[in-house]
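The structure appears right after this line, and notes come after that.
The values are calculated or read from the model by the stated rules, or taken from the named source; none is laboratory data. This is a predicted model, so every value here is computed, not measured. Please note: Cβ atoms are built from the backbone with ideal geometry, for glycine as well, and neighbour counts cover all protein chains shown.
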Amino acid sequence: MAYTKYAYEYKVEDAHMGNKKYQHETRDGDVVKGVYSLHEADGTIGTDHYSADKHSGFNTEVRREVATHHVPESPFYHH
């Protein structure tokens, strides 16, 4: 069997559709590591850090956090 090695990533930021996600993954032989992030419609951000190898199998750590949105202050108009 041939030795496999790769790295890839992609990023989607579509403000019109509200679609924002990211993935990065590497493989070096039998070891795969990566991260996937998705901005949910409710404002939370889900991030999954994962790895897999023949000794430990597939492992993942999923985190969810509330996105912080900066709301600009309304300008004060003086008449």
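Counting only residues that are over 15 Å from the mean Cα position of the chain (by Cα), surrounded by fewer than 11 Cβ atoms within 10 Å (Cβ to Cβ) and either in a strand (DSSP E or B) or modelled with pLDDT of 95 or more (or both), how many does the stretch 6-52 have?
Number of matching residues: 2.
Take the stretch 1-38 and flag every residue that is closer than 14 Å to H49 by Cα and in contact (Cβ under 8 Å) with a residue 24 or more places away in the chain.
Matches in the stretch 1-38: none.
So in the stretch 53-62, with the set limited to residues that are in contact (Cβ under 8 Å) with a residue 12 or more places away in the chain and assigned to a strand (DSSP E or B), which one is nearest to Y3 (Cα to Cα)?
Filtering the stretch 53-62 for residues in contact (Cβ under 8 Å) with a residue 12 or more places away in the chain gives 53-54, 60-62.
Still in the list and also assigned to a strand (DSSP E or B): 53, 60-62.
On the way: D53: 14, T60: 24, E61: 27, V62: 29 Å.
If we take residues in the stretch 53-62 being in contact (Cβ under 8 Å) with a residue 12 or more places away in the chain and assigned to a strand (DSSP E or B), then D53 is nearest to Y3 (Cα to Cα).
Can you name the number of the only condition in (1) surrounded by 10 or more Cβ atoms within 10 Å (Cβ to Cβ); (2) within 25 Å of G57 (Cα to Cα); (3) modelled with pLDDT under 95 that Y3 fails?
Condition not satisfied by Y3: (1).
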